[in-house]
Amino acid sequence: MFSIPASATAQDRAGELLEELGAAESEAQAQRLEKALYLEWSKSGSAAMDLLLKRGQDALEVTDTASALDHLTALTDHAPNFAEGWHALALAYYQAEMFGPAMDALEHVLALNPQHFGALRGVAAMHEQLGNEALAYDAYTQVLELRPFDEEVTEALERLAGRVQGIEI
């Protein structure tokens, strides 16, 4: 008798949730699936690492950026293959207006989980902020493929479409 490692089971569940999210027929269904997906992505397989993630996220919520950076840097140092740790660290860097490190952390997330729509959305927003409109448009397009009911992403695509794709005469 053998058992499947918890991480493999979590990855399988996340894959199922992503498929369901891509096929969601309503915004309410999509929101429910996103919440379940983030719950799966937040499972590191270690109680200690989950605690560091929780403390970092709690610090972000109250804008205690220094504490968030401390907890989340420790998390990514000890669990470098945990994508959600990198995502939270990217949010902390962004909150601290440290955009280079934020983009680097987002790249880590996407290397570990290429379908992490939260990280893709962050990459898109940062590229748009920096004036890299074509890169922002491409990233927003990928987000919408994974997360079809994101009104803000749809608005961003509409805002950028004319400048990126040109206007037909």
Worksheet, complete the sentence: Restricting region 1-51 to residues that are at pLDDT below 90, assigned to a helix (DSSP H, G or I) and small (Gly, Ala, Ser), the one farthest from residue 81 (Cα to Cα) turns out to be 22
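Specify the residue that is least open to solvent (accessible area, probe 1.4 Å); the eligible residues are those in region 123-148 that are touching a Leu at 6+ places or on another chain (Cβ under 9 Å) and either over 20 Å from residue 110 (Cα atoms) or polar (S, T, N, Q) (or both).
First, the residues of region 123-148 that are touching a Leu at 6+ places or on another chain (Cβ under 9 Å): 123-124, 126-128, 133-134, 136-137, 139-144, 146-148.
Next cut, either over 20 Å from residue 110 (Cα atoms) or polar (S, T, N, Q) (or both) only: 141-142.
Numbers: 141: 46, 142: 85 Å².
The extreme case among them is 141.
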Worksheet entry | Residues of region 23-54 classified as within 16 Å of residue 150 (Cβ to Cβ) and either open to solvent by 80 Å² or more (accessible area, probe 1.4 Å) or over 16 Å from the mean Cα position of the chain (by Cα) (or both), total | 10
Discussion item. With the requirement that a residue be farther than 24 Å from residue 36 by Cβ and surrounded by 17 or more Cβ atoms within 10 Å (Cβ to Cβ), what does region 149-169 give you?
Written reply: 156, 157, 160
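The values are calculated or read from the model by the stated rules, or taken from the named source; none is laboratory data. Being a predicted model, the structure only gives us computed values, none of them experimental. All Cβ positions, glycine included, derive from the backbone under ideal geometry; neighbour counts span all protein chains shown. Protein only, heavy atoms only, side chains kept; ligands, DNA and RNA dropped before computing areas. Shrake-Rupley method; radii C 1.70, N 1.55, O 1.52, S 1.80 Å.
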